[in-house]
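Undergrad: Once you've had a glance at the structure underneath, I'll fire off some questions.
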Amino acid sequence: MKNIKQVLSIGVAVVIIAVVLLLVLGNASPGISASLSALLAKTNTPTPPPGEVIPLKPIAGLTSLNATVQINVNGIINGKLAQGDLTGLLTTNDQGKSRISVSGSLLGDIAAQVGGSLVGMFTPSSVDIYKVPEGSYIVVNGLFPLCVKQADPKATEALDEMSPKALLSMLTNKDVARGKFVGEEKLNGAVFKHYVINGDAFLAASKKSTDPKLKTFGDALWSAGDADLYVDAKGGYPVAFIGSFSGAYEPLKFEGDFDVQIELTGVNTNTPVTLPSACNNPISR
């Protein structure tokens, strides 16, 4: 009986000590307590269900399009602090021609990635990438336009990955195109279906995707916010995507927080794409 009382006394003492320690830690180090609570909450929070399948027709089936993408970042690019934006305007047609025009405050940080050291010497106002049957051309617009013909098709991969078409195709991939239907909205006489994609569900699905580009994108993310997706009610293809992410984004050599907004501004318009006169005598690389 005496042993039992001793064990109970020891148990009560341990409980009292534990409670006191928790109170002391809570009063002396509120940051630690808050951090532990946040960690436990994050660990114990299950991934929400992905939602209903969003019926979509891939934009790859469109014969031509015009689109815009804007990327805002706050973090590190190539080891240096960076805060700013990039805007890309895309035009494609049914003749196998396309043009991506990129501008923004971060353009100087990536110009050399697509045009080499020669292009990196300039501070361009915009960079245009032309894909035509004759090859790939980069036009750097500054005090005077400089045209570079690229022999290596991989030279423009960084900006190709950031094109509105590439990003919209990836972010609306069938593996992640699941969400909650919000309702129909009208704009300029057209009707669009508005969906919200849960960020945690998107993150989990992207990391398990069978699409290599989407999986690479998802594996590099730390978190994803809820995203708004708008679908053309008549054509069934995605017309706009607005989302925010945290993590690494390889095409920009970036780590931090970034927002992506993509919009199709024209479908099957078949806009002409013509090389500028600066490309009559281009620099070859």
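The values are calculated or read from the model by the stated rules, or taken from the named source; none is laboratory data. All values reported here derive from a predicted model rather than from experimental measurement. When we count neighbours, we look across all protein chains shown, and the Cβ atoms used for this are built from the backbone with ideal geometry, even at glycine.
Undergrad: If you go through the stretch 234-262, how many residues are closer than 19 Å to residue 128 by Cα and of a type in the set (D, E, K, R)?
TA: Taking the stretch 234-262 and keeping what is closer than 19 Å to residue 128 by Cα, we get 251-252, 262.
Next, only the ones that are of a type in the set (D, E, K, R) stay: none.
Residues meeting the conditions: 0.
Undergrad: Quick one: is residue 63 modelled with pLDDT of 55 or more, farther than 27 Å from residue 263 by Cβ and of a type in the set (Ser, Thr, Tyr)? Don't jump to the end; show me each part of the working.
TA: Working: modelled with pLDDT of 55 or more: yes; farther than 27 Å from residue 263 by Cβ: no; of a type in the set (Ser, Thr, Tyr): yes.
No, not satisfied.
Undergrad: Pairs, please: C-beta under 7 Å, at least 6 apart or cross-chain, first residue assigned by TED's automatic domain parsing to the domain that holds residue 232 and in the stretch 181-195, second surrounded by fewer than 12 Cβ atoms within 10 Å (Cβ to Cβ) and of a type in the set (Gly, Ala, Ser)?
TA: Correct list of pairs: 194/183.
Undergrad: Any idea which residue in the stretch 210-237 is surrounded by the fewest Cβ atoms within 10 Å (Cβ to Cβ), counting only those that are within 17 Å of residue 70 (Cα to Cα) and out of contact with any helix residue (DSSP H, G or I) (no Cβ under 6 Å at 6 or more places or on another chain)?
TA: It comes out as 228.
Undergrad: Is it true that some residue in the stretch 259-267 is of a type in the set (S, T, N, Q), crowded, with 16+ Cβ neighbours inside 10 Å and closer than 14 Å to residue 168 by Cα? Let's see the steps before the verdict.
TA: Step one: of the stretch 259-267, the residues of a type in the set (S, T, N, Q) are 261, 265.
Those still in the list that are crowded, with 16+ Cβ neighbours inside 10 Å too: 261.
In the following step, the residues that additionally are closer than 14 Å to residue 168 by Cα were identified as 261.
Yes; the residues of the stretch 259-267 include at least one that is of a type in the set (S, T, N, Q), crowded, with 16+ Cβ neighbours inside 10 Å and closer than 14 Å to residue 168 by Cα.
Undergrad: Turning to a different aspect of this structure: Inspect all residues belonging to the stretch 221-236 and state whether any of them is at negative phi, within 10 Å of the chain's Cα centre (by Cα) and either at pLDDT below 95 or not β-branched (Val, Ile, Thr) (or both).
TA: yes
Undergrad: A further question follows. Taking the stretch 217-246, which residues are outside any strand (DSSP E or B) and within 15 Å of residue 164 (Cβ to Cβ)?
TA: Matches in the stretch 217-246: 237 only.
Undergrad: Starting from residues that are surrounded by fewer than 19 Cβ atoms within 10 Å (Cβ to Cβ) and touching a helix residue (DSSP H, G or I) at 6+ places or on another chain (Cβ under 9 Å), keep the ones in the stretch 194-209 and report whichever is nearest to residue 255 (Cα to Cα).
TA: Applying the filter and picking the extreme gives 207.
Undergrad: Scan the stretch 247-257 and give yes if some residue there is charged (D, E, K, R), on the phi > 0 side of the Ramachandran plot and in a loop (DSSP other than H, G, I, E, B), otherwise no.
TA: Yes, the conditions are met somewhere in the stretch 247-257.
Undergrad: Under 30 Å from residue 193 (Cα atoms), aliphatic (A, V, I, L, M) and either surrounded by fewer than 15 Cβ atoms within 10 Å (Cβ to Cβ) or at pLDDT 90 or above (or both): is that true of residue 151 in this structure?
TA: no
Undergrad: Looking at 167, 214, can you tell me which residue is modelled with pLDDT under 95, under 27 Å from residue 98 (Cα atoms) and assigned to a helix (DSSP H, G or I)?
TA: Going through 167, 214 in turn, just one is modelled with pLDDT under 95, under 27 Å from residue 98 (Cα atoms) and assigned to a helix (DSSP H, G or I): 167.
Undergrad: Select from the stretch 74-91 the residues that are in a strand (DSSP E or B), of a type outside the set (A, V, I, L, M, F, W, C) and more than 18 Å from residue 126 (Cβ to Cβ) and list them in ascending order.
TA: Residues satisfying the conditions are 74, 75, 80, 83.
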